[in-house]
Each structure stands twice: as C-alpha cells, then as structure tokens.
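*Asks:* The structure is given below, and queries will be raised subsequently.
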Amino acid sequence: MTSSSDRSQAVDVQEPKTYEVRTYGCQMNVHDSERLSGLLEGAGYVRAPEGSDGDADVVVFNTCAVRENADNRLYGNLGRLAPMKTKRPGMQIAVGGCLAQKDRDTIVKKAPWVDVVFGTHNIGKLPVLLERARVQEEAQVEIAESLEAFPSTLPTRRESAYAAWVSISVGCNNTCTFCIVPALRGKEKDRRTGDILAEIEALVGEGVSEITLLGQNVNAYGSDIGDREAFSKLLRACGQIEGLERVRFTSPHPRDFTDDVIAAMAETPNVMPQLHMPLQSGSDPVLKAMRRSYRQDRYLGIIEKVRAAIPHAAITTDIIVGFPGETEEDFEQTMHVAREARFSAAFTFQYSKRPGTPAATMENQVPKEVVQARYERLVALQEQISWDENKNQVGRTLELMVAEGEGRKDGATHRLSGRAPDNRLVHFTKPDQEVRPGDVVTVEVTYAAPHHLLAEGAVLDVRRTRAGDAWEKRNAAEAPKPAGVMLGLPKIGAPEPLPVATGSGCGCD
C-alpha cells in the first residue's frame with residue numbers, strides 16, 4: 001500500500017512557463033506590450049529574467065510597420081530564434097502588432113516556425129491562440145479587421161510602479177500620404193471620459209504619480225461626440241485628481257491644436273510644461289503633398305502661443321527628410337522652422353517608402369545620397385540648438401522625479417537620474433539618504449550637454465512619495481522566489497522618454 005507521502009513525492013510539480021515580450025515602435029506598442037504581459041501573466045506565465053535573449057518558453061514580438069527596415073529586423077530576429085526553437089520542444093513564438101496586421105500569412109510563409117500571428121485589434125486573444133497552436137500543433141493566424149475590445153479593458157503588467165500610460169483613443173482619422181498606421185489600427189475610436197478618469201484614479205490609488213495620456217492623435221479626442229474642447233476638459237479634469245503629480249500627453253496634431261488646450265496646459269498645475277508637436281516638414285508644398293492640413297505659419301503660430309503661455313515649456317518634434325519631390329528650397333524651409341522654433345529635441349527620420357501608401361508611388365523620389373546629406377545637416381543644426389537650449393537651464397532649480405535605468409553611467413559616476421517637469425533628463429549627485437525611483441528631489445543644474453543636464457552639487461531636498469513606496473513594495477514582491485519559480489525582475493522606471501518611444505514619421509501624429 002502506498003502512503004500519502006509516497007504519492008505526494010510522485011507528483012510532478014511543473015514550473016510555470018516563462019515569457020518574453022519584445023517591443024518595437026511607438027508608445028502605442030509599448031502600452032500594448034504591457035497588456036500582452038498582463039494577459040500572459042493572467043494565463044499563468046511568468047516573466048523571463050532580464051537578458052534571457054530568447055531563452056523563454058514563449059517569445060512575443062510586438063512589431064512596427066512604420067520604417068522600411070521593420071520587415072528585415074523582424075525576420076532577422078525570427079531567424080536567430082529558429083535553432084533555439086529546434087533545440088527546445090514546446091517553445092512558442094508569436095508575432096503581433098502593425099507588421100503582423102499588414103503581412104498576415106506572409107510571416108508564417110517566411111518563418112514557418114512561428115506559432116501565432118495576431119493583429120492590432122485582437123491582442124486579447126494571444127493566450128487562447130498560443131494554447132490552440134499547442135493543441136493543434138499548427139500555426140494560428142488570426143487578424144481582426146476591427147477592434148474587439150478597447151485595450152485598457154485588458155489586464156496590464158505595467159513596466160513602472162510609479163508612472164503609467166493611459167490610452168484615451170485608438171486609431172487615426174488622418175490620411176497622411178506617407179503613413180500606413182491608419183490602415184493597420186483603423187479609424188479613431190475614443191474612450192469614455194469617465195472610464196479614463198476612473199483608470200487614472202485607480203492607478204493613483206496604487207501609487208502612480210505620473211500618467212501619460214496616449215493616442216495616435218490625442219487632441220482630436222472628442223470627435224466621436226462632436227466636442228472640440230473634450231481634450232482640454234480632460235486635462236483640466238486630471239488636475240482635480242488628488243495625488244496625481246504629473247500629467248503628460250502624446251502626440252497631438254497641429255491641425256487640432258486649439259487655444260483651449262494651451263490654456264488648459266498653462267492653468268492646470270499638474271500638466272507638465274512639455275509638448276511634442278510633430279512638424280514633419282517646414283515646406284508648405286511638401287506639407288500639402290504629405291496631406292498635412294496645416295502650413296508653416298500655422299505651426300509656428302502654435303509654438304509662439306505655447307511659449308507665451310508657458311515660457312519654460314520644452315517643445316520637441318518629428319521631422320521627415322527626403323519626402324518625394326522635396327527640393328533644396330523645401331529642405332531649407334524645414335531648417336528655417338528648426339531655427340525659429342528652437343526645439344529642445346527633434347527626432348529626424350529619412351523618408352521610408354512603405355508599400356500601400358500614396359507616397360510610395362509618387363514621382364521624384366529623392367536620391368538616397370541627397371537624403372543622407374540633408375539629414376546630416378539637419379541633425380547637426382538641431383544638435384547645436386538642443387545644446388544651446390539646455391545651456392539656458394544651467395543655474396535653474398528643478399524638481400526631478402527619480403527614475404531607474406535612464407542613466408547608463410550612473411553606477412560608475414555615483415549619480416542617479418531623474419526627469420524634470422519638462423521631461424529633460426538630469427543626472428544628479430547621489431545624496432547620503434536613500435532615494436527611490438518615484439521619489440522627488442530638488443537640485444540645481446550645473447552643466448548642460450545636448451541630450452542631458454547635470455546637477456553636480458548636493459541635492460537640495462528629498463521628498464519621499466507614495467510612488468516611491470509603490471516602487472519599493474513592487475521591487476520587494478518581485479524578488480526571485482525559492483522552489484525554482486523564476487520571476488524576472490522587470491525594468492522599473494517611468495515610461496520610456498518621449499523621444500525614444502515616439503518613432504514618429506509614422507504620420508499618425
């Protein structure tokens with residue numbers, strides 16, 4: 001007769017399966033990846049340790065289709081995983097996002113070892129599709145043509161304990177000739193204001209102190225109900241939420257950027273003095289060919305109004321160089337706008353031909369060598385402007401929200417890093433007392449570089465926050481557990497700084 005202890009020893013205790021999500025592209029993809037992680041963890045998966053490099057039971061690629069090299073990048077990464085999958089029976093690979101929505105069956109034809117392909121409208125199906133692929137032992141390709149569930153209704157595994165994305169709309173109603181995004185994410189669909197505010201209040205209750213309102217075209221919010229001031233009202237409503245210290249948004253469109261939004265930014269204390277306003281080109285003929293419904297004068301007029309209302313605002317932008325038909329005179333107009341607007345940073349892209357867009361078949365495609373030369377000239381100009389604008393920050397006293405992982409040299413220099421209200425990155429001397437990500441420090445800027453500031457003196461003040469408490473609690477909870485269950489420690493910190501994640505040139509802005 002077998003004892004109960006013998007029977008318990010015979011039970012095979014199976015470790016949870018691990019997952020890894022690799023994200024490419026804009027903030028919408030970053031936010032979608034948080035949803036994918038939440039879905040997988042809800043299905044019983046655990047996050048693979050940092051640096052696992054494909055050594056997970058499930059590897060998910062959340063793709064972007066904006067740049068021309070997106071396809072090559074995806075298939076190169078899939079190719080590197082193929083031998084790993086051969087050696088590891090049961091490993092699964094899934095591909096989602098904009099490139100999956102665009103290429104559909106092509107992915108499985110080019111990479112037959114992929115198990116699941118899903119689109120931008122049905123990310124909630126990922127766990128089901130993985131299980132179906134496992135049971136049926138064949139690839140599952142499921143692309144929805146319209147949104148099945150608003151992303152924010154799905155479970156989330158947020159990357160940060162103290163900063164969060166909050167989606168206010170999905171899709172885009174613009175028809176920019178260089179952009180494939182509206183075809184892949186669909187027409188704009190706005191979320192109910194009450195649902196947005198309820199999510200923000202819930203996040204604040206969990207310790208979040210900074211939120212970023214997210215949409216392909218945030219200031220077109222309200223188009224579903226015909227309220228042109230809905231976005232400014234939303235900003236003001238965010239200002240009434242106790243405990244919410246910082247509000248940001250990305251990305252607006254110059255066409256829809258109205259005076260009531262500027263007033264709401266200036267008059268709502270927790271709306272940060274930061275604006276990312278895509279330019280794309282400074283040339284009126286090129287803007288017309290791009291089907292951008294504003295011109296140079298309109299754009300510079302917005303910048304002038306923002307600066308008048310919010311003198312210390314940091315304004316960033318996106319610019320495309322080498323759009324079909326762009327002449328030297330057109331390019332000089334872009335250089336002129338850069339000099340006039342004095343952006344704190346400009347994220348510049350060489351025009352990338354995307355099949356399926358009107359611009360891809362336009363005549364007068366600009367030779368690659370001409371585009372490269374113009375690109376280098378614009379980057380050099382903007383680098384100098386960014387440096388000059390940062391030098392104006394020297395001597396200012398700033399409150400920084402402490403971040404983690406944003407200063408690659410922090411360990412060697414004994415510094416910490418944080419974000420100023422205008423989103424500038426500041427490296428500061430580590431104080432004697434404990435400072436946690438999410439806490440707030442007050443420093444004086446002593447040095448400026450083109451892409452960051454230094455505060456080399458002693459920290460003037462440290463304010464411990466509920467956000468820092470949330471980071472500490474989460475960090476402790478996610479320490480590796482015994483008994484072989486692997487819980488990878490995530491990258492803790494605020495959402496990626498706007499310039500890194502924007503990746504625009506997508507035309508959804």
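*Asks:* Once a ≥ b ≥ c are taken as the square roots of the eigenvalues of the Cα gyration tensor of the range 294-414, is the result rounded (a/c under 1.5), prolate (a/b larger than b/c) or oblate (a/b not larger than b/c)?
*Replies:* prolate
*Asks:* Sorting W165, W113 by accessible area (1.4 Å probe), largest first, what list results?
*Replies:* Sorted by accessible area, descending: W113, W165.
*Asks:* Between the range 157-230 and the range 242-321, what is the C-alpha centre distance in whole Å?
*Replies:* Computed from Cα coordinates, the inter-centre distance equals 17 Å.
*Asks:* In the range 415-472, what GluC sites (Glu not before Pro) fall in a loop by DSSP, with at most 14 other Cβ atoms inside 10 Å? Could you put the intermediate results ahead of the total?
*Replies:* On the way: sites: E434, E444, E456, E472; in loops: E434, E456.
Taking the range 415-472 and a limit of 14 other Cβ atoms within 10 Å, the loop GluC sites (Glu not before Pro) found are E434, E456.
*Asks:* Need one number: nm distance between label points at E201 and R408, each 7 Å from Cα along Cα→Cβ, rounded to one decimal.
*Replies:* Label at E201, label at R408, 4.3 nm between them.
*Asks:* Let me ask another. What trypsin sites (Lys or Arg not before Pro) in the range 427-476 are in a loop by DSSP, with at most 11 other Cβ atoms within 10 Å of the Cβ?
*Replies:* Listed in order of number, the matching sites amount to none.
*Asks:* Still on this structure, I have one more. Out of all DSSP beta bridges with both ends in the chain, state the antiparallel percent to the nearest 5.
*Replies:* 30 percent
*Asks:* When only C-alpha pairs under 8 Å and at least 6 residues apart count, what is the relative contact order of the chain, in percent?
*Replies:* Answer for the chain is 15 percent.
*Asks:* Let me check against my output: what whole-number percent is the relative contact order of the range 364-440, with C-alpha pairs under 8 Å and at least 6 apart?
*Replies:* Result for the range 364-440 is 24 percent.
*Asks:* Helix-only mean residue ellipticity at 222 nm, the chain, DSSP H runs n ≥ 4 weighted -39,500 (n - 2.57), per residue, nearest 500. What is it?
*Replies:* When only DSSP H runs of four or more count, the value is -10500 deg cm²/dmol.
*Asks:* If we count every other residue with Cβ under 11 angstrom of R134's Cβ, Lys/Arg +1 and Asp/Glu -1, where does the sum land?
*Replies:* That sum, taken over residues with Cβ under 11 Å, equals -3.
*Asks:* Subtracting the Cα-Cα distance from 0.36 nm times the residue separation, let me have the gained length for A380 to E15 in nm, one decimal.
*Replies:* So the extension gain works out to 126.1 nm.
*Asks:* Quick check: at a probe of 1.4 Å, how many percent of the accessible area of the chain sits on carbon and sulfur atoms?
*Replies:* With neighbouring chains kept in place, the figure for the chain is 51 percent.
*Asks:* If you count only protein heavy atoms and use a 1.4 Å probe, how large is the accessible surface of K125, to the nearest 10 Å²?
*Replies:* 70 Å²
*Asks:* Hey, another quick one. With no solvent and one point on each alpha carbon, what is the Debye value of log10 I(q)/I(0) for the range 120-273 at q = 0.11, 0.15, 0.16, 0.17 Å⁻¹?
*Replies:* Result of the Debye calculation: -0.50, -0.85, -0.94, -1.03.
*Asks:* Any chance you could list P(r) for the range 332-388, counting all Cα-Cα pairs in 5 angstrom bins from zero, rounded to whole %?
*Replies:* Percent of Cα pairs in each bin: 4, 16, 24, 20, 15, 12, 7, 2, 0.
*Asks:* Long-range amide H contacts for K187: which residues qualify at under 5 Å (H placed 1.01 Å from N, peptide plane, sequence gap of 5 or more or a different chain)?
*Replies:* Counting only residues 5 or more places away or on other chains, the set is C172.
*Asks:* Over the heavy atoms of T193, what accessible area does a 1.4 Å probe trace out, to the nearest 10 Å²?
*Replies:* It works out to around 60 Å².
*Asks:* Same structure again: Please identify the GluC sites (Glu not before Pro) of the range 14-115 that satisfy two criteria: DSSP loop assignment and at most 15 other Cβ atoms within 10 Å. Which are they?
*Replies:* Values: sites: E20, E34, E41, E50, E68; in loops: E50, E68.
Qualifying residues, ordered by number: E50, E68.
*Asks:* Please give, to one decimal in nm, the separation of the simple spin-label points placed at M335 and R291, each 7 Å out from Cα toward the Cβ.
*Replies:* A separation of 3.1 nm, rounded to one decimal place.
*Asks:* Moving on to the next point. So, for the range 213-292, what is the accessible surface per residue at a probe of 1.4 Å, expressed in square angstrom?
*Replies:* I get 33 Å² per residue for the range 213-292.
*Asks:* Can you pull the one-decimal nm distance between simple spin-label points at K110 and A183, each 7 Å off the Cα toward Cβ?
*Replies:* Output for this residue pair reads 1.5 nm.
The values are calculated or read from the model by the stated rules, or taken from the named source; none is laboratory data. Because the structure is a prediction, the values reported are computed rather than measured. Glycine gets a Cβ as well: all are built from the backbone with ideal geometry, and neighbour counts include every protein chain shown. Only protein heavy atoms, including side chains, enter the accessible area calculation; ligands, DNA and RNA are left aside. Shrake-Rupley method; radii C 1.70, N 1.55, O 1.52, S 1.80 Å.
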